[in-house]
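Some notes on the structure that comes next.
What follows is calculated from the coordinates using simple rules that are stated; it is not laboratory data. Nothing here was measured: the structure is a model prediction, and the numbers come from that model. We place every Cβ from the backbone using ideal geometry, glycine too, and count neighbours over all the protein chains shown.
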Amino acid sequence: MTDEHRQYDVVIVGCGPTGATLGLLLARSGVKVCILDKARDIYPLPRAVHFDDEIMRIFQNAGIAEKLAPCLHVNAGMRFLDQEGALLLDWPRPRKITEQGWHASYRFHQPDLENILREELQKTECVDVRTETEAVEIKDEGKKVRLRARDLDTGRKQEMTSKYVVGCDGANSFVRQSLPQGTEDLGFQQKWLVIDVILKSDMPQLGEYTLQYCNPNFPMTYCRNPGLRRRWEMAIDETSDDMAVQDQNRIWQMLAKWVTPECAEIERTAVYQFRSLVAKHWRDGRVMIAGDAAHLTPPFMGQGMCAGIRDASNLAWKLSSCLRNGHNDILLSSYNEERKPHVRKFIETAVQLGELICSKTPEHALRTFASDAVEKNSMKSLKLPLGQSKLSELVGAKMPLVGTLFGQPGLLSGKKMDEIYPYRPILVTFKPLKESLYPVASSEEFPKLEEVLTESNLDGVLIRPDRYLLTYTENRAETVSLATDQNIRNWFA
Ligand SMILES: Cc1cc2nc3c(=O)[nH]c(=O)nc-3n(C[C@H](O)[C@H](O)[C@H](O)COP(=O)(O)OP(=O)(O)OC[C@H]3O[C@@H](n4cnc5c(N)ncnc54)[C@H](O)[C@@H]3O)c2cc1C
């Protein structure tokens, strides 16, 4: 039996953090979205525990920052210790607000985030969320995509068509199977035991830092998560029995140095295979993938989900532009051209950190660490430009600023720039313009902008809804012309 046929602009398969964020960002431009998830509810157990300032800014643009903020803990940083407990490598995360308008690094509980995303989706009129609905067949028919799904509760078949389908359906993505096959393996595969603990009362002696124990005999991570939640992750032997390593007595013995059943309870344990994979093909015609469906990283930088959220932010405005102005292959190809090298660099760095943590000779591994993020004993966060795409060539943009993430200055009143122009292109310049196809943020309202423009010797910059820089101008005449250039405006819908 088949339900009535439904039509959408975009069908998203998977309502994890990537799919839910994509849905909210698409809804910003009134796109009619259906999100399917085969599970009845959100995944209830903790997975991700960290995200950064860029991701909080995307959540702000998706409309959930205010609700999310009280659930977060500002992260002090990460320290890598040697076998004797001496500091090998320090990755401090200053607690001040960064140029993105948020703290550099947050600790969170993934189910809190997913609940907030779902609540926001429920309130959003143009988004239809269907749980217990599994996508089972996808057919790209050229001008539209036909998708068949199964209601797991009633067994009923559902059929829908949409202009685009995005698979945000996680590591074992079904949608990925409908794209040309192929995955690049960046060489990391290890089994880790993850133990989530809830303290009965605060234990400040456990410390504020995430600790990476680079102990050749017992590589391990400690995470200071929000509230009373704490996590320990331990590398385990590939051949070990997954059930046996989760034996509660054994776990309490391993944790005895820090916590006991008197002061804490185990929330859950799980064994994960940490992998480092990037799908070769992220799009074929009108079908594409994002998030874990497109890439997997070991979690040592806390960047797996972050990459999926960046995918969503990169893709949503491009899809909405295609829906308004007609399918645009150059714009959609720029999605994977820009995102793939970016996420690859994060994965490569996470793999190296994993190798450092598990090395038999951590000092040597640190000396030979090949990444811009690490210099001697100090690590800094990666701030990478997007990969080059035909899009920037077409809008006449010049390197090197193009494709870099632009900051979020505040108004004199304290409001942040994106609060006023959420997920829209913005033309940033010194003085207001008489005529402009974009909202204009001038240094008269945002004093910080004067410094930013003067420092780079620019008159104006055009930033995209995902806050990466599309193009810039060096004098007022160029700015006036960019502000009224309908060809460039058409890229944004
Ligand atoms: C131990 C651990 C620690 C981590 N730590 C961090 C961290 O600190 N920071 C960080 O950024 N990331 C971290 N991650 C990674 C992060 O959890 C994932 O990257 C993130 O959950 C991926 O989100 P997603 O939405 O892409 O996929 P998922 O969360 O996997 O969601 C996919 C959804 O698709 C649905 N689905 C699948 N197939 C179908 C189908 N055929 N039809 C309908 N629905 C379907 C599923 O039910 C699911 O809800 C960690 C992961 C682990 C395991």
Can you work out the PRE-style zone for Leu401? Point 7 Å along Cα to Cβ, and I want the residues of the stretch 420-435 with backbone N under 12 Å.
428-430
Skipping prolines and chain starts, which residues have an amide H placed within reach, meaning under 5 Å, of the one on Glu184, given they are 5 or more residues away or on another chain?
Val278, Ala279, Lys280
Pop out the ³J(HN,Hα) list for the stretch 299-316 in order, Karplus 6.51 cos²θ - 1.76 cosθ + 1.60 with θ = phi - 60°, rounded to Hz; leave Gly and Pro as x.
x, 5, 9, x, 10, x, 5, 3, 4, x, 5, 5, 4, 4, 5, 5, 8, 4
Among the trypsin sites (Lys or Arg not before Pro) within the stretch 198-243, which fall in a DSSP loop and have no more than 14 other Cβ atoms within 10 Å of their own Cβ?
Lys200
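About the Cα centre of the chain, what is the dipole size in debye to 20, counting +1 per Lys and Arg Cβ and -1 per Asp and Glu Cβ, all else neutral?
Numbers: 63 positive and 67 negative charges, 138 e Å.
For this selection, approximately 660 debye.
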Stokes-Einstein D for the stretch 318-364 at 37 °C, 0.692 mPa s, Kirkwood Rh over Cα pairs, in µm²/s?
246
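Given the chain, what percent of its DSSP beta bridges are antiparallel, to the nearest 5?
Values: 70 of 97 bridges.
Expressed as a percentage, antiparallel bridges in the chain total about 70.
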For Phe406, enumerate residues with amide H under 5 Å from its amide H, sequence gap 5+ or separate chain, H modeled in the peptide plane.
Tyr468, Leu469
Just to confirm the filter: which trypsin sites (Lys or Arg not before Pro) across the stretch 51-132 are DSSP coil and have at most 14 other Cβ within 10 angstrom of their Cβ?
Arg95, Lys96
At q = 0.18, 0.22 Å⁻¹, base-10 log of I(q)/I(0) for the stretch 49-169 (Debye sum, equal scatterers on each alpha carbon)
-1.00, -1.21
Identify, among Leu228, Asn475, Pro341, the residue whose Cα sits farthest towards the positive end of the charge dipole of the chain, taking +1 on the Cβ of Lys and Arg and -1 on the Cβ of Asp and Glu, with the dipole about the Cα centre.
Asn475
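Helix-only mean residue ellipticity at 222 nm, the chain, DSSP H runs n ≥ 4 weighted -39,500 (n - 2.57), per residue, nearest 500. What is it? Mind showing how you got there, number by number?
Working: 14 runs with 139 residues, N = 493.
Using -39500 (n - 2.57) per qualifying helix, the result is -8500 deg cm²/dmol.
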Hey, if you put +1 on the Cβ of every Lys and Arg and -1 on every Asp and Glu Cβ in the stretch 70-181, which of Trp91, His73, Thr133 ends up farthest toward the positive end of that dipole?
Thr133
Intensity falloff of the stretch 119-205 expressed as log10 I(q)/I(0), Debye formula with alpha-carbon point scatterers, at q = 0.12, 0.13, 0.18, 0.26 Å⁻¹:
-0.64, -0.71, -0.97, -1.39
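Where the convex hull is taken over the Cα atoms of the stretch 333-413, what is its projected area averaged over directions, in nm²?
Numbers: hull surface 33.3 nm².
For the stretch 333-413, the mean projected area of the Cα convex hull comes to 8.3 nm².
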If you average the sequence gap of Cα pairs under 8 Å that are 6 or more apart and divide by the length of the chain, what percent do you get for the contact order?
16
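Quick one: order Cys322, Cys223, Cys263 by neighbouring beta-carbon count within 10 Å, fewest to most. Intermediate results must be reported in sequence, preceding the final value.
Values: Cys322 20, Cys223 23, Cys263 12.
Going from sparsest to densest Cβ surroundings: Cys263, Cys322, Cys223.
List the trypsin sites (Lys or Arg not before Pro) within the stretch 241-273 that DSSP assigns to loop and that have no more than 13 neighbouring Cβ atoms inside 10 Å. Don't jump to the answer; show the numbers that get you there.
Numbers: sites: Arg250, Lys257, Arg268; in loops: Lys257.
In loop regions of the stretch 241-273 (DSSP not H, G, I, E or B), the sparsely surrounded trypsin sites (Lys or Arg not before Pro) are Lys257.
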Quick one: what do you get for the chain if you divide its Cα Rg by 2.2 N^0.38 Å?
1.00
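Once you list every other residue whose beta carbon is under 11 Å from the beta carbon of Pro299, what net charge do they have if Lys and Arg are +1 and Asp and Glu are -1?
Details: positive: Arg47, Arg231, Arg275; negative: Glu233.
In short, +2.
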Cα pairs beyond 24 Å in the stretch 371-493, in percent, come to 28
Suppose each label sits 7 Å from its Cα in the direction of the beta carbon; what would the Thr154-Asp372 distance come out to in nanometres?
5.4
Amide H neighbours of Met379 at under 5 Å, excluding residues fewer than 5 places away on the same chain, with H built from the backbone geometry, are Asp90, Trp91
